[in-house]
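For reference, the structure is listed below as structure tokens.
The values are calculated or read from the model by the stated rules, or taken from the named source; none is laboratory data. Computed from a predicted model, the values in this text were never measured in an experiment. Cβ placement follows ideal geometry from the backbone for every residue including glycine, while neighbour counts extend to all protein chains displayed. SASA here: full protein model, heavy atoms, side chains in, ligands and nucleic acids out. Shrake-Rupley method; radii C 1.70, N 1.55, O 1.52, S 1.80 Å.
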Amino acid sequence: MIYSRYVVPLVVAVAITMISSVGCHKNGSGAVVPDPFLKDIAPFPVGVSVGYKDLTSNVSYQTVVRNEMSSVSVENAQKWAGLHPEQNRFDFTQADYIVEWARKNGQRVHGHNLLWHSYNPGWVTAFQGDSAAWENLMKTHIQTVLQHFRGRVVSWDVVNEAFMDDGRLRNVETNPKDGSIWRQKLGPDYVARAFQYARAADPTVLLFYNDYGQESKPAKVKATLDMVADFKKRNIPIDGLGIQMHMGVSQANDGIRNVIQQFAGTGLPVHISELDILASDWKKDPTLQYTDALQTKQADKYRFIAQTYKTLVPKPQQFGITTWNVGDTDSWITKQGYTDWPLLFDQDYKRKKTYYAFAEGLKN
Ligand code: XIL
């Protein structure tokens with residue numbers, strides 16, 4: 001039959017190609033078997049953030065995300081500038097594409113984010129109105145977005161990066177360059193109200209507070225813990241804490257351990273939400289070489305993070321570990337002009353030393 005003569009061998013050939021492109025190893029009885037994927041190794045969800053352009057233009061990118069990951073975060077398409085181009089117009093096209101693509105693959109989708117000082121469209125920054133008008137702006141956005149994605153996105157970073165390194169709330173008035181217009185227009189309790197609006201719009205979705213740099217800024221850890229305690233006292237809903245972990249390769253392990261441990265102590269789910277490790281240590285040096293020694297140092301850090309998370313976060317609180325995009329050239333770090341290789345896959349989507357070390361750390 002034509003079917004068995006042509007189609008079956010073709011399917012087998014395609015399957016072999018797919019398997020061989022990800023690598024093989026010998027099992028205990030000496031048989032050659034395909035290497036497992038991260039999602040099969042990890043005892044908790046493992047994810048990446050996904051960019052719309054990357055996803056729609058690159059088959060290797062799609063293959064890696066589909067095969068390796070059990071969770072997807074949306075890199076930019078759900079931010080204000082991604083979803084809300086004009087005051088009275090939302091555009092869900094790109095975000096819906098990513099969300100549906102991930103759901104088709106059986107992946108969990110984590111939403112990012114409802115409120116941030118950055119990535120706001122020009123019309124928001126220029127918006128004129130009294131405090132009631134600003135309140136309405138925030139509330140309407142949160143309600144519309146949560147209702148739109150209801151049942152499809154399981155969790156959201158409700159507020160992103162509200163604190164400065166010293167633990168005070170970011171504010172445009174004190175910090176014109178990277179202050180928060182939300183704090184300026186809505187007052188210091190805007191974070192709590194954002195969580196309340198989110199809960200009212202979707203009673204089942206998980207609500208996260210997400211921030212960066214806690215591994216090197218103890219004041220930020222304290223500010224977050226104080227906020228959680230205050231929320232508990234006042235009955236403000238919060239369901240999880242995000243630790244971004246954009247970090248230099250020389251970041252001390254103590255700081256990493258400290259934030260994971262302290263956040264786990266709240267009893268809330270903990271998400272390592274945007275992991276990447278900068279070989280450059282945040283220095284723009286075009287002559288930097290990705291030497292074997294540097295690769296090993298970076299791989300050790302990835303292994304340490306996976307192991308520490310797995311050990312210190314109690315199982316029911318293990319929301320997962322998400323890296324910030326897939327291949328080194330997709331990374332927001334290299335796109336900002338750093339000579340760097342911050343991720344688990346190289347520019348050709350091959351698994352790197354970091355990948356294997358991270359996988360080791362994930363293993364039970
Ligand atoms: C970054 C994206 O990766 C870039 O493509 C975009 O230009 C700027 O935002 N903290 C966050 C993320 O919470 O949303 C940021 O993502 C990286 C830092």
Exposure of Phe37 as accessible area (Å², to 10), given a probe of 1.4 Å and all protein chains | 50 Å²
Express in Å², to the nearest 10, the accessible area of Ile333 obtained by rolling a 1.4 Å probe over the protein heavy atoms while all chains stay in place.
-> 0 Å²
0 to 90° range, to nearest 10: angle between helix 59-68 axis and the chain longest Cα axis | 90 degrees
Comparing Gly267, Gly327, Gly23, which has the greatest mean-square fluctuation in the GNM of the chain with Cα pairs linked when under 10 Å apart?
-> Gly23
What list of ³J(HN,Hα) couplings, whole Hz, do you get for segment 264-281 from phi and the Karplus terms 6.51, -1.76, 1.60, once you set θ to phi - 60° and write x for glycine and proline?
-> 4, x, 6, x, 8, x, 10, 10, 7, 9, 8, 4, 8, 10, 7, 4, 7, 6
Which value, in debye to the nearest 20, gives the size of the charge dipole of the chain about its Cα centre, when Lys and Arg are +1 and Asp and Glu are -1 at the Cβ?
-> 740 debye
Roughly how much of Glu161 is accessible, in Å² to the nearest 10, using a 1.4 Å probe?
-> 20 Å²
Remind me, relative contact order of segment 2-363 in percent, using alpha carbon pairs under 8 angstrom and six or more residues apart?
-> 15 percent
Rg(Cα) / (2.2 N^0.38 Å) computed for segment 138-200, rounded to two decimals | 1.23
Under 13 Å Cα-Cα from Lys353, which aspartates and glutamates qualify once same-chain neighbours fewer than 8 residues away are excluded?
-> Asp292, Asp300, Asp328
Among bridges DSSP assigns within the chain, what percent are antiparallel (round to 5)?
-> 15 percent
Helix 353-362 vs. the chain, principal-axis angle (Cα, 0 to 90°, nearest 10) = 80 degrees
Angle in degrees between helix 218-234 and the longest Cα principal axis of the chain, rounded to the nearest 10 = 70 degrees
Which percent of the accessible heavy-atom area of segment 93-187 goes to carbon and sulfur, probe 1.4 angstrom?
-> 47 percent
Magnitude of the Cβ-charge dipole of segment 184-230, K/R +1 and D/E -1, about the Cα centre, nearest 20 debye?
-> 120 debye
Set Lys and Arg Cβ to +1 and Asp and Glu Cβ to -1, take the dipole of segment 239-364 about its Cα centre, and tell me which of Gln244, Ile256, Gly361 lies farthest positive.
-> Gly361
With the Cα gyration tensor of the chain in hand, give its eigenvalues times 5 under a square root as the equivalent ellipsoid semi-axes, listed largest first in whole angstrom.
-> 36, 25, 20
Largest-first ordering by accessible area, 1.4 Å probe, given options Arg193, Arg257 | Arg257, Arg193
